[in-house]
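All remarks here apply to the structure that follows.
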Amino acid sequence: MIREKIFGEKGVFPDSQNAKIALMGVVGVALGLCVVLTENWRMSLLIILLLITIVATFQKPYIGVLFFIFLVYFPPEQHGINGGRVTLIATLFLLVAWLIRGIGQKKLNAQWSPQLVIIGMLSLWMFIITQTAHISVPASWEGSIKFFKVFIFCFLLASLIDTKKKLFEMLAVNLFGITYFSLNGFHSFLFQGDVRGIGGICSDTNSLAHFLVLFCPMTINMLIYPNKLVRLWGWFLLPMQLITIIMTNSRGGAIGLAIVMVWMLLQALIGFKWKLAWLIGLSGILILYVVLGTEVGKKYTQRVETVSTYQKDEGSAMKRIYLWQAGLEMIRDHPITGVGMENFILTFPEYNPYLRSQSPHNTYVQFGTECGIPGLGLYLLLLFFHFNTLLWIKKRVDKNSVEAHCCLALEAGALGHMVHS
C-alpha cells in the first residue's frame, strides 16, 4: 500500500471531489498561516509551492524539473535567500527523487547523449583544475559546483523528458519566463525609456538580451504553430520581445538578433516556407520602425555604431577589448589548467591594474582563461554536436513538420548565442 502511494500510477493526490476540496482548504489554511508568520504573501506562496512540489516530485520527478526552471527565472533572492544555494539544493533533491522512484520501479531510465557526456567531462575537468586556481581555490570550487549543477540538471532533463507532451510543457514554462521579461521591457518602453536586468538568469541587460535572442526563433515559430492559442501567444509576445532586446542597448544583442533573423529568413526561403519568411520580414519591419522611428531606437543606433568605431569609444566598447587582451595573455600564461573558475575577475588586475575588474563578456575568452585550452575545446565540441544532432534530426523528419521548425529555431538560437557570446 505504501509502495503504491509512492511509486504507483494513481499518484499522491486524491481522486474524489470532496478530497480535492479538502486538500485545497488545507493549502489555503497553510498559506494563511505562512502569510501571518512571514508577513510576505509572495514568500508564503513560494513556501506553499515548494512544499507541494516536494510531495509531487517524489511521485513524478518531472514536476520538480518544471519547478527548477521556474526557480531559474524567479529566484527568491529579493527575500534574502541565496538563489544559487536554493537551485543547488533543488537539483540534488531532484536527483534523489529520481533515484528513489527509479529504484522503486526497478528501472532507472538514464538517457545519455554526446552533448551530455561532454558537459560531464567539462564539469569533471573544472573540479580537477580547482587546486591549481591562480588566486582563490574557494572561488574555483564555487564555480565548479555551479557548473556541476548544470550537468545534473541536463542529465535529469534528458532522462525525464521522454514524450512530446513533456517537452512542450517544459517549453511553456520557459515561454512564461520570456513573457514576463518581455512584458517588463515593454512597460519600460512605454513609461520609463530604460530597462534593467530583472534578476535570476537575466541579472543584467546583457544577459537579458542574450536570453531573449536565444529564444526569439522559438517565438517566431509560435506564429505558425497548429494550435490557435499558441499562435495568439506568439503574436502577443514577439513584438514585446523584440522591443525589449532593443531596450537593453546591448551591442551583442543587436548582432545576435541580426544573425538570428537573417539565418531564419535564408532557411525559410531555401525551404520555400513562404509564410515563415513573410513573418520574419514583418518582424524586421517592426525592428526598423522602433530603431529608426523612436527616441529609444536612436539611442540604440548610437550604441550599436560603437561596434565599428570602438577605437574612438572611451566607454565599455574599448574596455571589452582590454578585457579580451588580458584574457588572451592569461591563456598564454596558463594554457592547460587556466586560472580557475571564477578567477578571471580576481586575476585581471595583474594584467591591467588601471581598469576595474569585471567579467570578460565573452564566453570563449572566459572558458579559455578559467578552464584552459582543454576546457575551451570541450565547449566548442559541445557546440559542434549540437548542430550535428539538429542536422541528423532534420534529415529524418518532414521539412514542414513541427520538429523541423523546432530544429530551425534551435539552430538560429545557437548561432545567436555564439555571436552574442
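The values are calculated or read from the model by the stated rules, or taken from the named source; none is laboratory data. Predicted, not measured: the structure shown is a model, and the values here were computed from it. All Cβ positions, even for glycine, are placed from backbone atoms using ideal geometry, and neighbour counts span all protein chains on display.
Observations
- Within the set PHE148, PHE153, PHE236, the sole residue that is at pLDDT 85 or above, under 30 Å from MET341 (Cβ atoms) and assigned to a helix (DSSP H, G or I) turns out to be PHE148.
- Where ILE243 falls short, out of the listed (1) within 15 Å of ALA414 (Cβ to Cβ); (2) surrounded by 20 or more Cβ atoms within 10 Å (Cβ to Cβ): (1)
Here is a yes/no grid of residues against (1) more than 30 Å from LYS164 (Cβ to Cβ); (2) in contact with a Ser or Thr (Cβ under 8 Å, 6 or more places away or on another chain):
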residue: LEU328; (1), (2): yes, no
residue: ILE331; (1), (2): yes, yes
residue: PRO335; (1), (2): yes, no
residue: SER359; (1), (2): yes, no
residue: TYR379; (1), (2): no, yes
residue: ASN388; (1), (2): no, no
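- Hey, MET126 over 19 Å from LEU66 (Cα atoms) and either crowded, with 19+ Cβ neighbours inside 10 Å or assigned by TED's automatic domain parsing to the domain that holds CYS216 (or both) or not: yes
For every residue, the table says whether it meets (1) touching a helix residue (DSSP H, G or I) at 6+ places or on another chain (Cβ under 9 Å); (2) more than 17 Å from ALA90 (Cβ to Cβ); (3) in contact (Cβ under 8 Å) with a residue 40 or more places away in the chain.
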residue	(1), (2), (3)
ILE129	yes, yes, yes
HIS134	yes, yes, yes
VAL137	yes, yes, yes
GLY143	yes, yes, yes
LYS146	yes, no, yes
VAL150	yes, no, no
PHE153	yes, no, yes
ASN174	yes, no, yes
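- From the options ARG320, ARG303, residue that is out of contact with any helix residue (DSSP H, G or I) (no Cβ under 6 Å at 6 or more places or on another chain), surrounded by 16 or more Cβ atoms within 10 Å (Cβ to Cβ), closer than 14 Å to GLN366 by Cα and modelled with pLDDT under 85: ARG320
- Residues in segment 105-139 that are of a type in the set (S, T, N, Q) and either under 30 Å from LEU390 (Cα atoms) or touching a Phe, Trp or Tyr at 6+ places or on another chain (Cβ under 9 Å) (or both): GLN105, ASN109, GLN111, SER113, GLN115, SER123, THR130.
- Check on ALA277, assigned to a helix (DSSP H, G or I), within 15 Å of ASN400 (Cβ to Cβ) and assigned by TED's automatic domain parsing to the domain that holds LYS395: yes
- Among the residues of segment 371-421, those that are crowded, with 22+ Cβ neighbours inside 10 Å and either touching a His at 6+ places or on another chain (Cβ under 9 Å) or not assigned by TED's automatic domain parsing to the domain that holds SER207 (or both) comprise GLY372, GLY416, HIS420.
- Residue within segment 210-228 that is modelled with pLDDT of 85 or more, surrounded by fewer than 17 Cβ atoms within 10 Å (Cβ to Cβ) and assigned to a helix (DSSP H, G or I) present: yes
- Taking the criterion of being surrounded by 15 or more Cβ atoms within 10 Å (Cβ to Cβ) and among the acidic types (Asp, Glu), the only residue of segment 330-349 that qualifies is GLU342.
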